[in-house]
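The block underneath contains the structure these notes are about, expressed in structure tokens.
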Amino acid sequence: MGTKTLDFSEVRDGDVVLEEGMYVFTIKSVKEKQSEAGNDMWLVVFEEEETKAVVFENYVFTPASLWKVKELCKALGFETDGSVELDPTELIGLCVKGKVVQEEYEGQMKNRMKKIFSC
């Protein structure tokens with residue numbers, strides 16, 4: 001195998017833990033999944049605009065969790081009255097402001113989106 005030149009100038013060092021506060025994010029991806037309990041959900045990846053830090057957030061489609069999905073949709077300008085159809089690909093590239101908090105997960109500090117607001 002030959003020599004390979006690698007450019008690490010744009011590669012982050014692991015998880016960047018943001019200070020708690022308000023940040024502007026772009027939605028980088030939305031993945032349709034099932035929760036551990038078997039409920040449909042979206043895994044949304046938010047990227048902070050300045051540091052490129054990533055925050056992962058789960059949006060589970062259960063009656064007890066729909067408030068969180070509604071908060072995201074309202075912040076993005078989507079209709080939230082009554083029954084609506086949403087295509088997760090429509091969220092990609094959109095901007096939100098998010099209040100970030102830090103939480104411990106599996107022994108490490110992680111970012112968590114506490115509240116979502118319009119840009």
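The values are calculated or read from the model by the stated rules, or taken from the named source; none is laboratory data. Keep in mind it's a predicted model, so treat the numbers as computed, not measured. Here the Cβ is made from the backbone with ideal geometry for all residues, glycine too, and neighbour counts use every protein chain on show. The accessibility values were calculated without ligands, DNA or RNA, using every heavy atom of the protein model including side chains. Shrake-Rupley method; radii C 1.70, N 1.55, O 1.52, S 1.80 Å.
The set of residues in region 19-73 that are touching a helix residue (DSSP H, G or I) at 6+ places or on another chain (Cβ under 8 Å) and of a type in the set (Ser, Thr, Tyr) contains only Tyr59.
Test Phe61 against the criterion of being open to solvent by less than 80 Å² (accessible area, probe 1.4 Å), closer than 22 Å to Ser35 by Cβ and aromatic (Phe, Trp, Tyr), and give yes or no. Yes.
Out of curiosity, is Glu50 without any contact (Cβ under 8 Å) to a residue 60 or more places away in the chain, over 19 Å from Lys99 (Cβ atoms) and either among the small types (Gly, Ala, Ser) or surrounded by fewer than 16 Cβ atoms within 10 Å (Cβ to Cβ) (or both)?
no
The selection criterion, being exposed (fewer than 10 other Cβ atoms within 10 Å of the Cβ) and among the small types (Gly, Ala, Ser), does not hold for Gly77. Hey, among Asn111, Asn39, which residue is over 23 Å from Glu19 (Cβ atoms), open to solvent by less than 60 Å² (accessible area, probe 1.4 Å) and out of contact with any Pro (no Cβ under 8 Å at 6 or more places or on another chain)? After ruling out the rest, the residue left standing is Asn39. Taken as a whole, the structure leaves Glu71 outside the set of residues that are loosely packed, with under 15 Cβ neighbours inside 10 Å and of a type in the set (D, E, K, R). Identify all residues within region 44-75 that are under 9 Å from the mean Cα position of the chain (by Cα) and either over 15 Å from Ile116 (Cβ atoms) or among the polar types (S, T, N, Q) (or both); write none if there are none. If the condition is that a residue be under 9 Å from the mean Cα position of the chain (by Cα) and either over 15 Å from Ile116 (Cβ atoms) or among the polar types (S, T, N, Q) (or both), then Val54, Asn58 are the ones that fit.
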